[in-house]
Amino acid sequence: MFQTYADVELQVKLTDLSLNEEQKKGVENTYNTKAHFFKEFNKNNAAEQAEAVELLQTLGLDRQSRELPERRWRAVWSTKWSLISGESRRRILFQCLCGYDHLVRQSTERDRAAKAPESKKQPSRSHEWHRKSAYAFTGCLAHVDITENKETGVVDRVVGIIEHNAECIAAELVHRPAVALHEHVYEIAIEQLRAGASISAIASKNAELQEKMAYRGMGEPGPQKYRYHFLPSDHSTLYRKLSRSNGIDPSRLPQYNVHEWLDPESENYNEKIRNGVFHYVPRSDDDDRFEIGIATVEMDEAAWKYGHSSQIILDGTFGVCSERLLLFIVMVIDEAWKGVPVSFLLFSAATGTKATHASYNRAILQKLIRAWKTHLGERSGKGFRPLVAITDTDTKERSALLDVWPSLWLLLCKFHVRQCWTNNRKAVLRESKGSPFWNDLVRDRLCQLEENLLSSVLHADAMKLIEQQRVDLQAITSEADAKKASAAGLKHISYLTQHWMPIPLWSGWSQFGRSHASRLLGVELEGVLPTTNHLESFNAVLKRVHLPRWLRSGHRLRFDSFIHILVTQILPDIYSTRRARQNYDKWLKERFSHLGNAALATNQPEVQSGQTKPTPLCYWPEDAKGEVEGKALIRTGRLSQPLYGASPDIFLSTCASSSAVLSDPAHSRYAVCLHRMGPSSCTCIRFQDRGGACKHMRALRIIVDDWVSTGSVAPMYYPLDMQDALKVNAYFESLSGPRNSQGHPVGGVLVEPPSVPAPPSATALGVLVALASVTEEDETYDKIQEEIVHASGSESDSEDDEQLKSNALNLKPSNLQADALQFQVQSRTEHAARSIMPELHGINNMLGEAALAPTAGLLEFLETINQLSERLSKALTLQQTVINATSDLSSQAVAVPSKPRTVLDNAGASKRLRAPSPERRQVRKQSHAPL
């Protein structure tokens with residue numbers, strides 16, 4: 001409130017002066033005795049206005065003096081208003097710097113912070129302030145209240161204590177005064193930040209413009225009021241100005257900024273952000289989560305166009321902002337095979353969480369995914385429904401998707417499956433401490449087994465591969481040096497059999513699963529996503545390309561800034577770039593279609609000469625080196641199990657690069673195709689650039705020719721030179737109907753191949769060792785291969801295989817996926833239980849030795865143990881594995897549907913909003929999980 005002394009007409013806001021008790025008594029006495037200064041000036045009287053100007057100049061409070069760095073006054077309070085006539089008025093209260101008590105101000109700031117509205121509260125600074133004023137404290141009582149015209153500077157009134165004490169008059173600078181950075185420097189720096197410039201680039205630009213004297217006001221006569229050199233201390237101010245220019249108030253707590261952007265009745269309501277949010281739940285209580293779902297209109301259209309009755313990817317990440325928030329992204333694939341994000345699901349970690357990446361469950365994911373599905377609504381009387389989804393091995397993601405779409409066909413990312421297998425394989429071989437030779441040999445054979453399992457189409461064949469490998473490893477246990485490596489290999493095979501080979505789970509990561517997905521989608525096998533790499537790549541681009549331009553010296557954004565920038569900047573940029581690429585592709589097609597070249601019309605890549613790159617031709621000249629290299633590829637297990645393509649005339653396989661490390665889950669592989677009539681292909685650079693059979697194709701030919709020699713398949717035709725290959729190519733081009741790059745009709749389905757020569761049977765140790773030691777030039781390779789084939793055992797019963805395949809295809813997807821989840825959860829729970837059981841037994845044995853103080857950590861541990869006991873007991877007695885987690889989950893949400901986009905329910909606005917989570921630190925750790 002204003003304090004009044006003696007004269008009721010005199011009202012000066014003295015409470016904002018930083019005065020100690022002695023100073024307050026002096027000020028009170030001055031006003032009570034009317035020893036203060038008070039003068040009103042007629043705005044229309046030139047003489048009085050000249051007197052006012054002279055007075056302010058004498059005091060050092062004219063407008064020019066107020067801007068000087070060495071000024072002796074500090075503005076402590078101001079207000080402004082408009083008159084009926086339209087004129088603007090303002091009052092400013094100045095205090096002499098020699099009378100400013102910094103310790104009193106610190107105490108005042110603490111009191112104000114304690115009484116501040118919840119939305120304005122900021123973390124308090126507990127340390128004692130140090131005086132940074134340019135002048136020493138002398139206890140001066142001087143202060144001046146000026147009322148003036150804001151635009152013209154015409155003075156209406158001056159009141160206060162204008163006399164300084166003797167110490168103040170004699171005071172000199174004790175600190176170099178702070179010099180404000182010119183506003184033009186900030187303006188240019190903010191433009192640079194918007195363009196994605198770094199702080200170092202801003203500093204370089206600043207130095208360049210100083211050299212050129214290009215800033216506004218540089219070189220003007222008189223003392224310089226501002227500096228133009230950009231300092232590290234200006235970074236905070238720069239980013240605050242940037243935030244405010246984007247509509248983000250950095251002085252407010254982020255949860256209140258977000259809430260007011262979505263509240264139509266708030267003065268800070270942001271319609272653009274509101275239209276991009278379909279789900280919002282503030283965190284009002286300790287047990288609540290902050291939840292927000294983001295999908296713009298363009299994202300909704302992309303979801304319907306590319307995700308409905310098609311395939312989607314779901315994956316999560318964290319570390320996108322300073323608070324402990326998890327971000328899950330739903331992505332679809334467009335016609336250019338590019339990933340398109342269609343939904344962002346952001347929510348906070350549960351209170352007390354130590355690991356953000358683990359602080360989510362089936363219920364929260366199901367709630368947000370269902371909210372997204374509801375938001376998308378219906379079109380042509382049908383709700384949004386994808387047919388296929390691919391995730392990593394996380395059971396919570398998979399179960400949440402099945403809760404929303406029970407008939408969804410779920411695929412497991414091949415990369416994550418390989419990573420789990422690699423983690424376990426490395427662990428068992430490392431623990432075995434076997435000889436390097438045998439460890440390497442067993443590792444290579446296990447890698448080949450894993451590759452063959454991923455390519456398996458029939459479960460029975462996959463189990464036979466595992467059993468054959470088990471027999472091979474058991475056969476070498478009699479060798480002393482091989483015993484440990486063999487035991488480790490057998491342990492890994494048991495792990496694969498127990499955790500990954502149940503039919504429901506096998507159907508999600510094997511070639512059978514992708515083949516079934518291709519039939520559901522009505523596309524070729526190549527049109528089914530094998531990994532979540534599109535989304536993993538987008539996560540990396542989001543963190544390394546889109547967000548860094550907005551980061552403050554590498555520090556993560558506040559979550560309100562992240563949401564604002566995501567909706568208003570990043571997502572529009574992503575979709576505008578996508579539209580630009582589509583328009584460019586369309587222009588290319590239209591621009592060159594009249595030339596009659598089909599390749600140009602379909603935007604095929606061009607070589608440097610400007611001509612369309614011709615399709616490579618396959619022919620088979622004599623190549624002794626290629627034959628030896630092809631045999632080496634088979635010997636080292638780099639060629640996968642061959643499969644039929646769209647017809648029994650086509651054989652498909654994949655082959656690892658000669659330089660690839662097979663133990664690396666992400667090693668490069670080439671797709672190889674042989675056609676009975678000759679038009680074969682390989683995706684390796686050598687074949688694509690030069691044509692002619694490469695070593696990968698020769699490796700596959702060795703296997704196929706073996707089948708031909710046994711009568712399993714009909715004879716093959718191999719063009720001997722380019723002329724033969726051209727004739728074959730011309731024949732196939734004359735055939736009607738769409739054909740893919742491998743020469744067979746589009747829409748083919750993989751079927752089982754003839755009986756594949758089995759891996760080496762280690763019934764004779766000498767065969768195994770001989771194969772491992774063969775060199776590329778060894779002529780005994782063919783003989784050894786023949787012995788291996790004869791040792792492979794009897795062929796499988798084809799009728800049983802057909803029956804198994806039929807049974808697998810006729811399983812209901814919902815039952816199959818639910819069973820797969822049950823196996824995953826069962827395996828993970830047992831694995832975790834085995835891992836922590838020794839620690840729990842140790843704790844159990846210690847508890848009887850002494851009494852324990854009820855610390856927060858022990859009480860939390862007790863609560864967790866009780867919850868675990870209750871849930872485990874319930875789970876062990878359940879008859880069904882799929883639990884309905886959908887009951888009343890969305891009742892807490894503030895729904896934001898898109899058709900029409902309704903206003904936000906502001907029922908919770910009066911509640912105290914909490915930060916997303918009290919924990920802040922987030923550290924990503926490398927995954928070594930085998931499940």
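Distance in nm between label sites at SER657 and ALA178, each 7 Å beyond Cα in the beta-carbon direction?
5.6 nm
Which percent of the accessible area of the stretch 148-277 is formed by carbon and sulfur heavy atoms (probe 1.4 angstrom)?
Carbon and sulfur: 52 percent of the exposed surface of the stretch 148-277.
Ignoring ligands, DNA and RNA, what accessible area per residue does the stretch 415-518 give at 1.4 Å, in Å²?
Dividing the accessible area of the stretch 415-518 by its residue count gives 34 Å².
With a 1.4 Å probe and all protein chains kept in place, how do TYR360, TYR670 rank by accessible area, largest first?
TYR670, TYR360
For the stretch 682-694, what does the Karplus curve 6.51 cos²θ - 1.76 cosθ + 1.60, with θ = phi - 60°, yield as ³J(HN,Hα) per residue in whole Hz, taken in order and with x for Gly and Pro?
After applying 6.51 cos²θ - 1.76 cosθ + 1.60, I find 8, 8, 5, 5, 4, 6, 5, 8, 10, x, x, 4, 8 Hz.
Sorting ILE162, ILE313, ILE84 by accessible area (1.4 Å probe), largest first, what list results?
I get ILE84, ILE162, ILE313, largest accessible area first.
Identify the GluC sites (Glu not before Pro) of the stretch 258-337 meeting these criteria: DSSP loop state and at most 12 other C-beta atoms within 10 Å of the C-beta.
The qualifying sites are GLU265, GLU267, GLU335.
Taking Cα centroids, how far is the stretch 447-508 from the stretch 143-174 in Å?
Centre-to-centre (Cα) distance: 89 Å.
Rounded to the nearest 10 Å², what accessible area does TYR731 show when all protein chains are kept and the probe is 1.4 Å?
Result for TYR731: roughly 120 Å² accessible.
Could you compute the FRET efficiency for HIS130 and ARG690, with r as their C-beta to C-beta distance and R0 at 45 Å, rounded to 0.05?
0.05
Could you please state how large a percent of the accessible area of the stretch 415-518 is carbon and sulfur, counting protein chains only and using a 1.4 Å probe?
The C+S portion of the solvent-accessible surface of the stretch 415-518 is 54 percent.
Can you work out the Karplus-derived ³J(HN,Hα) for every residue in the stretch 494-504? Use 6.51 cos²θ - 1.76 cosθ + 1.60 with θ = phi - 60°, whole Hz, and x for glycine or proline.
Each residue's phi maps through the Karplus curve to give 5, 4, 4, 5, 6, 9, 10, 9, x, 3, x Hz.
Can you give me the distance in nm between label points at LYS625 and SER553, each placed 7 Å from the Cα along the Cα-to-Cβ direction?
So the two model labels end up 5.8 nm from each other.
Nearest 0.05, what FRET efficiency do ALA336 and PHE592 give at R0 = 22 Å with Cβ-Cβ as r?
That pair, ALA336 with PHE592, gives E of 0.80.
With respect to the cross-link table entries LYS426/LYS484; LYS305/LYS367; LYS13/LYS43; LYS338/LYS396; LYS338/LYS586, which display a Cα-Cα separation exceeding 18 Å?
Pairs exceeding the cut-off: LYS305/LYS367; LYS13/LYS43; LYS338/LYS396.
Please report, in Å, the Rg and the Dmax of the stretch 415-518, where both are computed over Cα atoms only.
When restricted to Cα atoms, the stretch 415-518 yields Rg and Dmax of 13.9, 48 Å.
What number comes out for accessible area per residue over the stretch 183-246 if the probe is 1.4 Å? Units Å², please.
With all protein chains present, the stretch 183-246 gives 56 Å² per residue.
Sticking with the crude label model, points 7 Å out along Cα→Cβ, report the distance from ASP705 to ASN29 in nm, one decimal please.
Label-label distance for ASP705 and ASN29, simple model: 11.5 nm.
If the chain between LEU103 and GLU21 were fully stretched, how many nm would it gain, using 0.36 nm times the residue separation less the Cα-Cα distance?
Between LEU103 and GLU21, full extension yields an extra 28.3 nm.
The values are calculated or read from the model by the stated rules, or taken from the named source; none is laboratory data. This is a predicted model, so every value here is computed, not measured. Heads up, the Cβs are rebuilt from the backbone with ideal geometry, glycines too, and the neighbour counts pull from every protein chain shown. These area figures cover heavy atoms from the full protein model, side chains too; ligands, DNA and RNA do not enter into them. Shrake-Rupley method; radii C 1.70, N 1.55, O 1.52, S 1.80 Å.
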